[in-house]
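Structure first, then comments.
Values quoted throughout were computed directly from the atomic coordinates according to the rules given, and no laboratory measurement underlies them. Everything quoted here is computed from the prediction, not taken from an experiment. Here the Cβ positions follow ideal geometry from the backbone for every residue, glycine too, while neighbour counts run over all protein chains shown.
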Amino acid sequence: MNMGILFALIIIAVIIALGLKKSVPELSTLISLGICLFLITICLSRMQTILKAMDKLSQYIKIDSQYLVILLKLIGIAYLCEFAAGISKEAGYSAIASQIEMVGKLTMLVVSLPVLLQVLETVLSLLT
């Protein structure tokens, strides 16, 4: 689908949701959630392209697949946290959205620790 048409439809849906926000807030929230879920499905379809490119990249350069898996996990965590925080903010729960962002950042740090440790080991081995 043409991205211009897609975004035009999304803008129309957002305008409808804004119009319904005062009279039927539940329906407005459902429309907003539906738009978000639709956009996530588009993101997931784009992720297939990224996975194919990363697979091809790993064939060209010799890199441990563990690092690519970590990279994909980090991307997934970032998208999910952004989605959950955005929904929370839209619903009026800014404090929860901030906590979601904090937990996401800490989770990303924990997931990336093996890479950091490997970099430190490499640097230390070069120094000795």
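Report the FRET efficiency, 1/(1 + (r/R0)^6), for ASN2 and LEU37, where r is their Cβ-Cβ distance and R0 is 22 Å, rounded to 0.05.
The computed FRET efficiency comes out at 0.60.
Which ³J(HN,Hα) values in Hz, rounded to whole numbers, follow from the phi angles of the range 36-53 under the Karplus curve 6.51 cos²θ - 1.76 cosθ + 1.60, where θ = phi - 60° and Gly and Pro get x?
Values per residue, Gly and Pro as x: 4, 5, 4, 5, 5, 4, 5, 4, 5, 5, 5, 5, 4, 5, 5, 4, 5, 5 Hz.
With a Förster radius of 25 Å, plug the Cβ-Cβ distance of SER23 and LYS105 into 1/(1 + (r/R0)^6) and report the FRET value to the nearest 0.05.
The calculated FRET efficiency here is 0.05.
Apply the Karplus parameterisation 6.51 cos²θ - 1.76 cosθ + 1.60, with θ equal to phi minus 60°, to every residue of the range 103-120 and state each ³J(HN,Hα) to the nearest whole Hz, in sequence, with x for glycine and proline.
Using θ = phi - 60°, the values come out as 4, x, 5, 5, 5, 5, 5, 4, 5, 8, 4, x, 5, 4, 5, 5, 5, 4 Hz.
Show me, for the range 59-72, the HN-Hα J-couplings you get by feeding each phi into the Karplus relation (A = 6.51, B = -1.76, C = 1.60, θ = phi - 60°), rounded to Hz, glycine and proline as x.
Per residue, the Karplus-derived 3J(HN,Hα) values read 6, 6, 10, 7, 10, 5, 5, 4, 6, 5, 5, 4, 4, 5 Hz.
Tell me the label-point distance for the pair LEU113, LEU30, using the 7 Å Cα-to-Cβ offset, in nm and rounded to one decimal.
4.4 nm
Which of the lysines could a cross-linker bridge to LYS105, judged by Cα under 25 Å and excluding same-chain residues fewer than eight apart?
Within the straight-line limit of under 25 Å, LYS105 reaches these lysines: LYS73, LYS89.
With an 8 Å cut-off on Cα pairs and a minimum separation of 6 or more residues, tell me the relative contact order of the chain in percent.
16 percent
Taking the Cα centre of the chain as origin, work out the dipole magnitude from +1 charges on Lys and Arg Cβ and -1 charges on Asp and Glu Cβ, in debye rounded to 20.
The calculated dipole for the chain is roughly 220 debye.
For the pair LEU72/ILE12, report the inter-label distance in nm, with labels modelled 7 Å from Cα in the Cβ direction.
Taking the simple label geometry, LEU72 and ILE12 are separated by 3.6 nm.
For the range 39-128, what Kirkwood radius comes out of the mean inverse Cα-Cα distance, in Å?
Over the range 39-128, the inverse of the mean reciprocal pair distance is 15.2 Å.
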